[in-house]
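Structure record follows, encoded as structure tokens.
The values are calculated or read from the model by the stated rules, or taken from the named source; none is laboratory data. Just so you know, these numbers come straight off a predicted model, no measurement behind them. Don't worry about glycine lacking a Cβ; one is built from the backbone with ideal geometry, like all the others, and counts go over all protein chains shown. The area values use the complete protein model at the heavy-atom level, side chains included, leaving out ligands, DNA and RNA. Shrake-Rupley method; radii C 1.70, N 1.55, O 1.52, S 1.80 Å.
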Amino acid sequence: MIELAPGIETVADLPAVYIRRLRALVLADTHLGFEEEAAQQGYYVPRIQLLRTLEVLRQGLELTGAEWVIFAGDVKHSFSRLLRSEREELSRVFQYLVKEKGVRVTIVRGNHDNYLPIVAKDYGVEIVQELYAEGILVIHGHKKPQGDYPGKVEVVVMGHEHPSLRLRDKLGYVAKLPAFLVAPYPVLDARLVVLPAVGQYQTGTTVSLSPDTYLSPILREEIPLGEIKPYVLAEELGVLEFPELALLEDLLDQVEM
């Protein structure tokens with residue numbers, strides 16, 4: 001495990017963090033139901049999002065003993081409706097966590113999570129706009145924090161961005177690998193931790209020094225991009241720590257693996 005911020009650790013090579021003081025496993029952007037929506041648009045891809053999500057949860061709970069699972073938004077994929085596959089897959093995930101594992105489940109609502117309460121209410125899953133607990137603020141990241149918290153915010157954990165780093169090996173092959181991002185958050189005098197997406201099809205934003213490349217208004221407007229530190233998830237290698245972006249300026253998109 002690598003400590004990304006005080007008390008917030010990576011979990012093996014999973015796209016999730018463990019918050020020790022809350023005994024909570026936090027993950028983001030599972031985008032369940034993506035395959036059905038893609039098929040309706042004429043793109044047929046293997047149905048792997050649910051299996052991937054369940055495996056990340058299984059390993060995460062096994063490795064940490066977490067008593068609380070927090071989704072930092074975009075648990076489902078479709079904006080405009082609740083797809084049949086979304087209902088089925090959400091039910092599978094909630095059944096596993098609530099009925100089989102007996103853990104508390106909280107969803108911080110993301111911009112894709114319309115109609116989610118229809119399924120969540122059957123399992124007693126809590127849905128909130130933001131989650132503040134013991135100095136930790138969990139948000140999705142599609143909008144800035146709303147403020148008015150009962151205590152100081154020490155660390156902000158968010159999803160939404162699906163960050164990745166482009167790496168080139170010695171043969172010239174370029175891979176786009178998911179990454180955690182860690183940076184100062186001056187507006188709140190806090191640390192920011194951005195989670196990679198769990199969804200296999202959500203490769204997301206390539207990390208750069210240009211504000212225009214980011215989805216979240218937080219990263220575009222409130223974070224010193226040069227001070228972002230990426231931690232790359234590399235299959236079979238675990239989590240690889242990289243220097244701050246300012247030190248990678250001439251190497252971004254061509255960092256060798």
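A quick yes/no check of all residues on (1) basic (Lys, Arg); (2) modelled with pLDDT under 90; (3) part of a strand (DSSP E or B):
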residue: Glu35; (1), (2), (3): no, yes, no
residue: Val45; (1), (2), (3): no, yes, no
residue: Leu50; (1), (2), (3): no, no, no
residue: Gly60; (1), (2), (3): no, no, no
residue: Ile70; (1), (2), (3): no, no, yes
residue: Arg87; (1), (2), (3): yes, yes, no
residue: Val93; (1), (2), (3): no, no, no
residue: Ile107; (1), (2), (3): no, no, yes
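Might you let me know whether region 72-80 holds any residue that is surrounded by fewer than 18 Cβ atoms within 10 Å (Cβ to Cβ), at negative phi, of a type in the set (Phe, Trp, Tyr) and at pLDDT 95 or above? Can you show your working first?
Pass one, region 72-80, residues surrounded by fewer than 18 Cβ atoms within 10 Å (Cβ to Cβ): 79-80.
Going one step further and asking which of them are at negative phi, we end up with 79-80.
From what's left, of a type in the set (Phe, Trp, Tyr): 79.
Those still in the list that are at pLDDT 95 or above too: none.
The answer is no; no qualifying residue exists.
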Exercise for the section: Please indicate, with yes or no, whether at least one residue in region 192-213 is open to solvent by 30 Å² or more (accessible area, probe 1.4 Å), part of a loop (DSSP other than H, G, I, E, B) and at pLDDT 95 or above. Expected result: no
Problem - Selection count, region 81-101, where residues are open to solvent by 80 Å² or more (accessible area, probe 1.4 Å), farther than 14 Å from Thr53 by Cα and without any contact (Cβ under 8 Å) to a residue 40 or more places away in the chain - result: 4
Completion exercise
If we ask which residues in region 220-257 are more than 20 Å from the chain's Cα centre (by Cα), modelled with pLDDT of 90 or more and part of a strand (DSSP E or B), their number turns out to be 0
Practice task
Search region 102-126 for residues that are farther than 17 Å from Arg87 by Cβ and without any contact (Cβ under 8 Å) to a residue 40 or more places away in the chain and pair each with any residue that is open to solvent by less than 10 Å² (accessible area, probe 1.4 Å) and of a type in the set (Phe, Trp, Tyr) when their beta-carbon atoms are under 8 Å apart and the residues are at least 6 apart or on different chains.
Solution key: Thr106/Phe71; Val108/Phe71
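Given the structure, is Ile107 open to solvent by less than 20 Å² (accessible area, probe 1.4 Å), among the aliphatic types (A, V, I, L, M) and touching a helix residue (DSSP H, G or I) at 6+ places or on another chain (Cβ under 7 Å)? Before the answer, list the steps.
Numbers: open to solvent by less than 20 Å² (accessible area, probe 1.4 Å): yes; among the aliphatic types (A, V, I, L, M): yes; touching a helix residue (DSSP H, G or I) at 6+ places or on another chain (Cβ under 7 Å): yes.
Against the criterion (open to solvent by less than 20 Å² (accessible area, probe 1.4 Å), among the aliphatic types (A, V, I, L, M) and touching a helix residue (DSSP H, G or I) at 6+ places or on another chain (Cβ under 7 Å)), Ile107 qualifies.
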